[in-house]
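What follows is a short report on a single structure.
The values are calculated or read from the model by the stated rules, or taken from the named source; none is laboratory data. Predicted model, so just to flag it, every value in this text is computed and none were measured. Glycine gets a Cβ as well: all are built from the backbone with ideal geometry, and neighbour counts include every protein chain shown. Quick note on the areas: whole protein, heavy atoms, side chains included, nothing else; ligands and nucleic acids left out. Shrake-Rupley method; radii C 1.70, N 1.55, O 1.52, S 1.80 Å.
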Amino acid sequence: MILEKLIIYNFRSYYGRKVFEFGKRLNLILGANGDGKTTFFEAMNWVLTPDYAPKSDENRLADDSTLVSAKMFKELKVGDQGKVLVSLLLRNNDNRERIVERSFNVTKTVNGGMQILGRSFKAYSLTGTRRKEMFSLRDLFEGENVFPAVIKKYHLFKGEDKLDIFNDKTTLQTLIDLFSDIKDIDPYTQFAKFALDMSSSKVNEAKSKEDKQNSKILELQTEINKLAKKLEQAETALTSTRQTFNESKKNIDNIDDDFELIKKAAKIEEKVKSTNSEIAYLSGKIDLEYSYRMLDDQWILMGFTPILNEFNKKMASLCMSKQNIENEYEKKQRDEYTKNKIEKAKSELEKIAWRQSDINNLNFSLRTRRCIYCGCEAPDGSVRYDFLKQRLNDVIDILTPKEDEKPIEIKRYFSYRNVETLKEMGLGLEYTGKDTLTISDEISSLSKRNNDIEQNIAKKKSEVANLEKQIADLYASSSSGVNLRDYVKDIDIVKKWHEEKENSALEISQLTTQVIPNLKNEISKKRDALAKSIKASGSSNLYHINEFFRIFSDAIEETKDATYKEFLDRLAKEANKYLALLNVDDFTGIIKIYIDINGELRIELQDKTDKILSNPNTSLLTTMHISILLAISELTKENRNAEYPLIFDAPTSSFDEGKDKTFYECLNSQVDKQCIVVTKSYLYKDTNGEYIEDRDGLSKLNCKKYRIKKMTGFDKLDIATIDTEVEEID
């Protein structure tokens, strides 16, 4: 089968009609990122995937509305209709031309929405220029064996990571069903099991009758049954242990060679963690917050002491002057008070001669209206009368006891204590709890302490840097090529996986090399002894029949195993032929494909000494996978008398410059098979940042070559302005 022409019409970025014509061997579709390479592949996949195909990942198609060219839809007027179409012209395996065509119509609604209608997916036979519609797509895909679903999944690959088809656990059985005769053995397997079960049942019935007469037969049968039970338990344990082994192996297989490295890295990581904790602790002890602590700890007073001392001296002098003035004023008041008191005392002394008798005499004079002392009359209202009366009052006052006199009231000269308050404030600043004279030493001490801590931190950081370099060196020496950091972080889980794998591997070894073989050997011996006993008892015919079917059943299983091995050897042989072709002047290794002791499919690269290459580079793995795909295609040609093109989307994205070109040169010259490859190889940026073709490199390829790229003048913010132009490269 050969693909001849692909027409893409209004499919995503392919606006209008775009045509690709294919050669019978290598075909390159070159495009930079965003230029429509993946769209080309999706168009091819869309037209080759019938709706009845199993809905696997590769057959799951995008919604039709996402396939419409935005540029075409924008140009539609309301009510107008546009068409999306992909048409593929091919020659089937009988060299007859066929067309498979998928399309739908698009209408723009009044509100600017999109309506999909008129979906069509048809196949046509082509005679000259005349097309005739085939009865159904199944007639083409399955009836004429044109990319049937079971074949398509091994011939269309989107991306480099899809090349390893054996990631799918069903792949091996599918390929064996396709390319080997093992499926023809299944009826014999079923018959052998049925016959063995029936003959064993008849033997048991016959033996049960004879057992009553022959205790030896009964004893042997009991022992065989016990051994068979142990064998069943051992095989069940083997299945369970293999499951444990496979699970732990799946977890740790890709880092198994790096287990010791991971343990070392984990120990160093612990040191790094511990040292970083010390750095964090030391960093917390550094005191560099001087800006606010100068106030909080009164460090700002460091230069204030001389000023404060001078201030306090002036305040003390001022207070003393004020006190002297106050003292003088107080003394003056006291002197005035004393003087007044003396004058008053003198007056009182003059009156002190008066007695009680004088009071009586004065009272008599006032009653008689005549002065007792001078004999003169003193009538009422006269001056003598009033004098005598006043004198009487004075004498009474003098002679009347007085309360103690109040102490002198001293008035202050100054009304306020502002000067004293300033003095007290100044003195108070000397006793704030901070010895300002020691602040300078304290700052120096703190600075030295900070420097010591920083030097210690620098030392610790140097230790961390050294430890991290050790870890980086360990990672660099990894043989697995995977990111080991997550495994180091979960070292306890990794250790558990490793322990489970080792323990289960040891148990599998014991079960497969000792326990099960020994039990089978014991059962075989017991069966031989039982056969002799049965023969001696005269009922050996049924037993021989049973033994025949047991041997027949074992032979069928051995045949299946041999068929598996034969197919895998054949696949590896074909793959190695292509691997050698695709890796000219480069190391190839040898592909080994086999079923291991646990029943798992293994694909490995080995050197000629059978040493496994545990960490092959990505480009070598890619060429290995492509070689296996080419081998499968070759087996398809041999076993099904059919050939199919291989279609790749960016299969060599991990190749470095030069390696990819060598690969395509080999694919072009050494592989006689149609391959359609979408890639950005042979493109490089010029001085303006534009991608241009490597014409010299392309001239070495005698194949069909196309360049796809966005048409100039598009708006980077408007997808409706994008159109992919297609140009064949001469």
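Structure notes:
- The length gained by stretching the chain between Asn456 and Glu409 to full extension, at 0.36 nm per residue less their Cα-Cα distance, is 9.5 nm.
- Here's how it looks for Met114: its modeled amide H is under 5 Å from those of Thr109, which are all 5 or more places away or on a different chain.
- Alpha-carbon gyration tensor eigenvalues x 5, square-rooted, for the stretch 27-170, Å: 28, 22, 15
- His498, His155, reordered so the largest accessible area comes first (probe 1.4 Å): His498, His155
- Across all directions, the shadow cast by the convex hull of the stretch 1-102 built on its C-alpha atoms averages 8.0 square nanometres.
- Table column - 3J(HN,Hα) (Hz), the stretch 444-458, Karplus curve with 6.51, -1.76, 1.60, x for Gly and Pro: 4, 5, 5, 4, 5, 4, 4, 4, 4, 5, 5, 5, 5, 4, 4
- Separation of the Glu235 and Leu717 label points, Cα + 7 Å toward Cβ, nm: 7.3
- Modelled this way, with points 7 Å down the Cα-to-C-beta line, the labels at Phe311 and Glu326 are 2.1 nm from one another.
- FRET efficiency, 1/(1 + (r/R0)^6) with R0 35 Å, evaluated for Ile692 and Asn93 via beta carbons: 0.30
- Rg/Rh for the stretch 573-730 (Cα atoms only, Rh after Kirkwood) is 1.05.
- Stretch gain in nm, segment Tyr52-Lys532, where the contour uses 0.36 nm per residue and the Cα spacing is subtracted: 166.7 nm
- Cα-only Debye scattering, the stretch 115-169: base-10 log of I(q)/I(0) at q = 0.12, 0.23, 0.24 Å⁻¹: -0.49, -0.92, -0.94
- Cα-Cα over 30 Å, subset of Lys423/Lys448; Lys132/Lys710; Lys577/Lys704; Lys5/Lys152; Lys577/Lys659: Lys423/Lys448; Lys132/Lys710
- Computed from the C-beta positions of Glu643 and Met114, the FRET efficiency with R₀ = 41 Å rounds to 0.55.
- On the basis of the beta-carbon distance and an R0 of 30 Å, Leu61 and Lys608 show a calculated FRET efficiency of 0.05.
- Each of Phe135 and Lys226 was given a label point 7 Å from its Cα along the Cα-to-Cβ line. The distance between the two points is 6.7 nm.
- Segment Glu247..Glu657, full-extension length gain: 143.8 nm, with 0.36 nm per residue of separation and the alpha-carbon distance subtracted.
- 12 Å beta-carbon shell around Lys273, net charge (K/R +1, D/E -1): -1
- Distance from the stretch 228-247 to the stretch 88-128 (C-alpha centre basis), Å: 55
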